[in-house]
Amino acid sequence: MQGHARAGRGNDGGNTSSGTEAHSVRHDWRLAEVRELLKLPFADLIFRAQQMHRHHHDANRVQVSTLLSIKTGACPEDCAYCPQSVRYDTGLEREALMDVAAVVERARAARAAGATRFCMGAAYRSPKARELEQVAQMVGEVRALGLETCATLGMLTSDQAQTLKAAGLDYYNHNIDTSAAYYEKIISTRTYRDRLDTLANVRAAGLKVCCGGILGMGESELDRAQMLHTLATLPEHPESVPINQLVAVAGTPLADAPPLDPLEFVRTIAVARILMPESHVRLSAGRSDMTDELQALCFLAGANSIFYGEKLLTTGNPDVEHDRALFARLGIEPEEGEAAPSQSCS
Ligand code: SF4
């Protein structure tokens, strides 16, 4: 396995700690430790990820979210991977912010298909007051259906985050995308610091955080390690950590990005699981390009959340029936939602 440590270190997969300590939640990870984990022999890495996963989660349950694009395209930002940027000619059809009633209808359908969380994504740099008001209304009505709610609307001030919290929002998605160093090759219209500030505003409002990144954008292994290190050393780990695989869309600057080795993708999932043991690690964009066998490996590595059904923002997603069949083949049950009866934009 070129580029990775060759020797196993006994039957503990190189894990010299034991018991509670080995499974504890840490926020003091060193970058060198993250890099060592990424380089472990594959079997040792998966073994450690499985141990961690089983200590903190039911290994045969996967949380299921549905993502709806409530406002599509015409985004002023220049994220190099994104077909929704107004700067790239991708043939994407723009759609204005949806009516509240139409969103609620889609949420009802998602609930009927087994989703427990409904994520509403809008292609904004940051929402304007009237837009935020409309989204807040959607959030309240979707939550009243007994679904957990998540939104991704770009940058948020602390007041905006508090408005969404008051409306009943459970999660806010805002990805860091990649390492701080590689970030400027991907986005020039806002800074890494802006991203971290939004995450802090979201936390301060009492919202749960959904934050991860995208692999396969031409980044190095070091960039992947740094991205994971940033996430794992936040004051609180994001409750959801989406790990996306680039969907290379014609017309975007990353249209010809060389594909990532799928095993590197699995390694990143496994290391995310070890670093952030209580988080839900989500297989997100790019899943429709993955074989069932690769998805199974990702679940084995500790992924325990997927998007299901509805189109994943503007790129394809395997249909509900296929996902159900895959769950049945793997003996996986959907996780129950947390909401009482009553998540790519980034
Ligand atoms: S990822 Fe989000 S912020 Fe970036 S261009 Fe796309 S819609 Fe806009």
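The values are calculated or read from the model by the stated rules, or taken from the named source; none is laboratory data. Only a predicted model underlies this, so the values are computations on that prediction, with no experimental measurement involved. Positions of Cβ are generated from backbone atoms using ideal geometry, with glycine treated the same way; all protein chains shown enter the neighbour counts. Please note that ligands, DNA and RNA were not included when accessible areas were found on the heavy atoms of the full protein model with its side chains. Shrake-Rupley method; radii C 1.70, N 1.55, O 1.52, S 1.80 Å.
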Looking at the structure I just gave you, is Met120 of a type outside the set (S, T, N, Q), modelled with pLDDT of 90 or more and open to solvent by less than 10 Å² (accessible area, probe 1.4 Å)? yes
Number of the exception - Arg94 against (1) in contact with a Pro (Cβ under 9 Å, 6 or more places away or on another chain); (2) open to solvent by 20 Å² or more (accessible area, probe 1.4 Å); (3) within 14 Å of the ligand (Cβ to nearest atom); (4) not polar (S, T, N, Q): (1)
Do you know which residues across the range 147-189 are within 12 Å of the ligand (Cβ to nearest atom) and small (Gly, Ala, Ser)? Gly154, Ser188
The one condition Gly213 fails out of (1) touching a Ser or Thr at 6+ places or on another chain (Cβ under 9 Å); (2) open to solvent by 10 Å² or more (accessible area, probe 1.4 Å); (3) at pLDDT 95 or above is (2)
Taking the range 36-45 as the region of interest, how many residues are open to solvent by 20 Å² or more (accessible area, probe 1.4 Å) and under 11 Å from Ala301 (Cβ atoms)? 1
Where Tyr81 falls short, out of the listed (1) more than 13 Å from the ligand (Cβ to nearest atom); (2) closer than 23 Å to Ala248 by Cβ: (1)
Considering only the range 272-279, I want to know if a residue exists there that is at pLDDT 95 or above and among the basic types (Lys, Arg). yes
Could you say whether any residue in the range 313-327 is more than 16 Å from the ligand (Cβ to nearest atom), modelled with pLDDT of 95 or more and not in a helix (DSSP H, G or I)? no
Just checking, how many residues over the range 5-50 are more than 22 Å from Thr230 (Cα to Cα) and modelled with pLDDT under 95? 16
If you take the residues in the range 56-70 that are at pLDDT 90 or above and open to solvent by less than 60 Å² (accessible area, probe 1.4 Å), which one is nearest to the ligand (Cβ to nearest atom)? Ile70
Flag if Leu234 is touching a Lys or Arg at 6+ places or on another chain (Cβ under 7 Å) and more than 20 Å from Leu283 (Cβ to Cβ): no
Residues that are under 25 Å from Ser85 (Cβ atoms) and of a type outside the set (Ser, Thr, Tyr): list the strands (runs of 3 or more DSSP E) wholly contained in the range 169-245 that include at least 2 such residues. 208-210, 213-215, 240-245
